[in-house]
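The values are calculated or read from the model by the stated rules, or taken from the named source; none is laboratory data. Remember, it's a predicted structure, so these values are computed and weren't measured experimentally. All Cβ positions, glycine included, derive from the backbone under ideal geometry; neighbour counts span all protein chains shown. Just the protein is used for accessible areas: all its heavy atoms, side chains included, with ligands, DNA and RNA removed. Shrake-Rupley method; radii C 1.70, N 1.55, O 1.52, S 1.80 Å.
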Amino acid sequence: MKVRDCLVSAPGKAILHGEHAVVHGKVALAVSLNRRTYLHLKATSDGTVCINLPNIDTFLCWNLSEEAGQRLDFDLLKRLRDFMGLTNGNLDTSNMATLTFLYIYMSLFGSGELPSLKVSVWSELPTGAGLGSSAAYSVCLAAALLCASGAIPAPLKEWDHTCRWHQEDLELINSWAFQGEMIIHGNPSGVDNTVGTWGGMLRFLAGKIIPLSRVPLIRILLTNTKVPRSTKVLVARVKDRINKFPPIMIPVLDTVDAVSSTCEKVLTEMTREPITGEHYNTLEELIDINQHLLNVMGVGHPALDMVCRVTLAKGLHSKLTGAGGGGCGITLLRPETDSAIIQSTMQDLKDCGFDCWETSIGGPGVHCILLSYTFVLTQTQTHDSFPQILLPSNCSSS
Ligand SMILES: Nc1ncnc2c1ncn2[C@@H]1O[C@H](COP(=O)(O)OP(=O)(O)O)[C@@H](O)[C@H]1O
Ligand SMILES: C[C@@](O)(CCOP(=O)(O)O)CC(=O)O
Ligand SMILES: [Mg+2]
């Protein structure tokens, strides 16, 4: 079976408010970032299925005839775990990413002839740092494999060099990406894959998505403490704490919910009336409140406290974003904040050993990049092993 080549890309995300609470049915406000994950799927003819995942040093190939023999009797995920020799104890970075790929690949192609192909994934997002790298990876896998299998059509040309799918195709991509997130997160809310699929800023509540079409332009700093952590472990930690202290923790989740709703109200006001210092004061207070609530949930970290302290010394307010326990924090920049202050804050954060950058928010969701558009995925300083890809022909049949 010959499949269609394609190059897809999906954005990372920042959660403004509502991380963890969203897993327990509360509101989250999330926004896509201008840092993305790219996936190149190439049909091959050597009877193998290969994955190149340079961000996590994973390069694997399976012979399709051997794999095919493994695939009939029990539940697919269990069979794939057995096939890879996995137990819960060794579900590390590489195994989770591999299992996610194999799960979607086998689910989409397993009832027919398995296609020979190579999937290469490269990301501008730090892995496991709270910016939704797992969701961007799952969204890219879902889009590329659904497209290759013919389950969704080639996307329609959007701008010069990108093309995008229809609403119902995006819904299918999102539902498969959610399954990928289930493998990586254990019990995901679905907010990350939803932002990765649709992009923009949205309100997410129990699977319901409300895109916020009019949002003020907000500037934020992202700081990666580089303290490694796993979303799956942190989500499980919060659940344990809720089970241990329900009368204490349930009101905490309700308070986070109220923080998210209040923030949404302020953001909406900021699109309807002239933006004032009072709007920003409220946004800053909400950030401080939520950071304390996340500490109560048990997902803080001394490095994140440091981000809050260093930025507050310059009058700027920060909170963790994503699962916490390390990873990234966000800092709100006020419109009047002098660029010299921003630069010196960034320098102070870098002096702590953190990575720090200013970002624009609200990038587009998953799309396909026309292979006719000569697109170079450049090497980054951290992923020297990834080859430059210079892609020659066209991925769209439209
Ligand atoms: N570029 C990538 N290539 C392969 N796997 C990835 C990539 N980015 C993320 N992953 C998978 O996602 C996992 C990190 O997910 P998670 O702990 O949820 O952190 P994040 O906050 O970045 O989403 C990694 O362990 C890996 O399995
Ligand atoms: C903690 C949580 O709310 C967000 C996790 O985001 P990330 O994997 O840390 O980028 C979990 C979820 O919503 O599934
Ligand atoms: Mg994740």
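So which helices (runs of 4 or more DSSP H) are wholly in the range 260-351 and hold at least 2 residues that are among the acidic types (Asp, Glu)? Break it down stepwise before answering.
On the way: elements: 277-297, 302-312, 339-351.
Because the criterion is at least 2 residues that are among the acidic types (Asp, Glu), the helices (runs of 4 or more DSSP H) in the range 260-351 that meet it are 277-297, 339-351.
Just a yes or no: is a residue in the range 136-158 of a type in the set (D, E, K, R), farther than 17 Å from ALA14 by Cβ, over 20 Å from the mean Cα position of the chain (by Cα) and more than 16 Å from ligand 2 (Cβ to nearest atom)?
So the first thing to find is which residues in the range 136-158 are of a type in the set (D, E, K, R), and the list is 157-158.
The next check asks that each one be farther than 17 Å from ALA14 by Cβ; those that pass are 157-158.
Now narrow it down to the ones that are over 20 Å from the mean Cα position of the chain (by Cα): 157-158.
Checking the rest, the ones that are also more than 16 Å from ligand 2 (Cβ to nearest atom) come to 157-158.
Checking the range 136-158: at least one residue is of a type in the set (D, E, K, R), farther than 17 Å from ALA14 by Cβ, over 20 Å from the mean Cα position of the chain (by Cα) and more than 16 Å from ligand 2 (Cβ to nearest atom).
Residues of the range 39-56 being in contact with a helix residue (DSSP H, G or I) (Cβ under 7 Å, 6 or more places away or on another chain) and open to solvent by 20 Å² or more (accessible area, probe 1.4 Å), which ones? Write out each step before concluding.
We begin by selecting, within the range 39-56, every residue in contact with a helix residue (DSSP H, G or I) (Cβ under 7 Å, 6 or more places away or on another chain); these are 39, 41, 47-49, 51, 53, 56.
Those that are in contact with a helix residue (DSSP H, G or I) (Cβ under 7 Å, 6 or more places away or on another chain) and open to solvent by 20 Å² or more (accessible area, probe 1.4 Å): GLY47, THR48, ILE56.
So which of LEU320, LEU316, LEU294, LEU304 ends up being over 22 Å from the mean Cα position of the chain (by Cα) and either within 19 Å of LEU221 (Cβ to Cβ) or open to solvent by 30 Å² or more (accessible area, probe 1.4 Å) (or both)?
Among LEU320, LEU316, LEU294, LEU304, only LEU316 is over 22 Å from the mean Cα position of the chain (by Cα) and either within 19 Å of LEU221 (Cβ to Cβ) or open to solvent by 30 Å² or more (accessible area, probe 1.4 Å) (or both).
Here's a check for you: in the range 186-243, which residue that is free of Cβ contacts under 8 Å to residues at least 40 places away in the same chain and not polar (S, T, N, Q) is farthest from ligand 2 (Cβ to nearest atom)?
Only one residue tops the list, namely LEU217.
Find the residue count for the range 111-132, including only residues that are among the β-branched types (Val, Ile, Thr), surrounded by fewer than 24 Cβ atoms within 10 Å (Cβ to Cβ) and either more than 13 Å from ligand 2 (Cβ to nearest atom) or within 9 Å of the chain's Cα centre (by Cα) (or both). Write out each step before concluding.
So the first thing to find is which residues in the range 111-132 are among the β-branched types (Val, Ile, Thr), and the list is 119, 121, 127.
Next, only the ones that are surrounded by fewer than 24 Cβ atoms within 10 Å (Cβ to Cβ) stay: 119, 127.
After this cut, where a residue has to be either more than 13 Å from ligand 2 (Cβ to nearest atom) or within 9 Å of the chain's Cα centre (by Cα) (or both) as well, the list is 119.
Counting residues in the range 111-132 that are among the β-branched types (Val, Ile, Thr), surrounded by fewer than 24 Cβ atoms within 10 Å (Cβ to Cβ) and either more than 13 Å from ligand 2 (Cβ to nearest atom) or within 9 Å of the chain's Cα centre (by Cα) (or both) gives 1.
Taking only pairs six or more apart or across chains, which ones have beta-carbon atoms under 9 Å, a first residue in the range 14-25 that is assigned by TED's automatic domain parsing to the domain that holds LEU221 and without any contact (Cβ under 8 Å) to a residue 60 or more places away in the chain, and a second residue that is acidic (Asp, Glu) and away from ligand 1 (no atom under 14 Å from the Cβ)?
Close Cβ pairs satisfying both conditions: none exist.
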